[in-house]
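Input: a single structure, listed below in structure tokens.
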Amino acid sequence: MDKLDKLFDRMTRDMMHYFIAGGLAEPDGLIRTVEFFLSLVDKGKLSNKLLDEKIVRDALIHHMPKHMPLFIDESFYAYQILLDLYSALYHEGIITEKDCKDMQYFIYLNKTTFLTRMSSPNFWSKTKLGIMDEWREGNFEVEDSYTDGHHDYELEEVPQKSNINNILKFPKKKQTENQEKSYLIRVDLKGYKPPIWRRLQIPADITYGRLHRILQVAFDWEDSHLHSFFVDRTKMIGPSELEMSRFSEEQQVIDEDFREGVKIEYIYDFGCDWDHRILVEKIIIDEEMHYDHAICVKAKGDTPMEDSRGDEVWKPLDLATINKKLERE
């Protein structure tokens with residue numbers, strides 16, 4: 001087994017951690033990240049070019065955003081797997097511990113630019129734009145192109161099925177003016193067993209900014225770090241001052257995206273990456289009972305304290321306190 005094979009064998013465990021704990025649909029994006037990066041920097045030779053900051057920076061903020069298709073949520077894990085790559089290089093005796101720490105810090109310094117450009121079509125090639133458009137329509141067939149020397153992707157054309165729609169559509173019950181709408185959602189803090197989750201009933205017609213404040217209360221966070229929402233893995237919503245966000249949470253209303261069964265990602269603290277999955281369980285139409293604030297209907301699991309990722313210190317769950325604070329949000 002050569003050095004490259006040993007390196008990938010070591011990294012497989014990390015990739016499966018992100019695949020399972022991160023809730024990714026498949027680990028292919030992480031594998032492609034490592035392959036693309038190594039191919040681009042030194043053609044997989046594991047040479048000193050991996051320590052050349054200029055070459056690595058070009059790969060991170062120019063070539064990868066331009067040519068490599070990844071969903072937005074995968075980009076966060078791609079960043080993390082690149083940090084893990086240098087750890088694996090150290091443990092395999094390919095680089096020194098000092099080189100490992102220096103390059104991890106260098107990648108960290110370029111994190112915001114990397115994530116911004118990976119999520120912005122303004123930095124994508126025409127080929128990548130075409131692939132991302134196809135992926136949004138459910139076509140995930142891509143050919144490997146790491147050996148062609150161009151770092152571009154070719155998309156296989158998949159025949160479209162022609163299904164006859166013989167299902168009768170019955171009229172939906174209309175919402176009258178005096179009926180109030182709200183959403184029942186379950187929010188899981190991903191990566192923990194036993195699971196940590198909150199079931200909330202939230203008013204309709206609120207902004208993602210208000211939803212962010214509700215989630216901060218529900219999980220007893222301190223709102224001291226950056227955050228963002230990801231809808232359908234392609235739409236990024238966050239505070240207007242966050243450069244990488246394409247939609248402002250102060251203006252975007254949840255009703256535009258909330259449907260029964262819809263899943264939305266909410267990431268808080270881009271350093272610790274506290275990843276929450278929001279599942280819209282039910283749309284509630286009720287003429288009599290209506291609250292203009294969120295209610296935590298049920299909750300399971302204590303929550304970790306801020307900045308304690310990897311060495312968690314736990315805060316006890318207090319449902320009464322959560323609901324008292326939610327009345328003010």
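The values are calculated or read from the model by the stated rules, or taken from the named source; none is laboratory data. Everything numeric here is computed off the predicted structure, so don't read it as measured data. Cβ: placed from backbone, ideal geometry, glycine included. Neighbour counts: every protein chain shown. For the accessible areas, the whole protein counts, side chains as well, though only heavy atoms, and no ligand, DNA or RNA atoms are used. Shrake-Rupley method; radii C 1.70, N 1.55, O 1.52, S 1.80 Å.
Quick notes
- Filtered by the rule that a residue be farther than 24 Å from residue 71 by Cβ, at pLDDT below 90 and not in a helix (DSSP H, G or I), segment 96-128 gives no residues.
- Test result for residue 300, under 24 Å from the mean Cα position of the chain (by Cα), open to solvent by 80 Å² or more (accessible area, probe 1.4 Å) and within 18 Å of residue 203 (Cα to Cα): no
- Residue list for segment 117-135, restricted to those being surrounded by 15 or more Cβ atoms within 10 Å (Cβ to Cβ) and without any contact (Cβ under 8 Å) to a residue 24 or more places away in the chain: 134
- Scan of segment 74-94 for residues that are without any contact (Cβ under 8 Å) to a residue 24 or more places away in the chain and part of a loop (DSSP other than H, G, I, E, B), ordered by number: 93
- Given (1) at pLDDT 90 or above; (2) open to solvent by less than 40 Å² (accessible area, probe 1.4 Å), number of the condition residue 153 does not satisfy: (1)
- Residue 55 vs. criteria of a type in the set (Val, Ile, Thr), open to solvent by less than 10 Å² (accessible area, probe 1.4 Å) and assigned to a helix (DSSP H, G or I): no
- Within segment 303-319, being touching a strand residue (DSSP E or B) at 6+ places or on another chain (Cβ under 8 Å) and either open to solvent by less than 80 Å² (accessible area, probe 1.4 Å) or assigned to a strand (DSSP E or B) (or both) holds for 303, 304, 305, 312, 313, 314, 315, 317, 319.
- Considering only residues in segment 40-52 that are open to solvent by 20 Å² or more (accessible area, probe 1.4 Å) and part of a helix (DSSP H, G or I), the one that is farthest from residue 104 (Cα to Cα) turns out to be 40.
- Test: residue in segment 70-86 that is modelled with pLDDT of 85 or more, open to solvent by 60 Å² or more (accessible area, probe 1.4 Å) and within 17 Å of residue 103 (Cα to Cα): no
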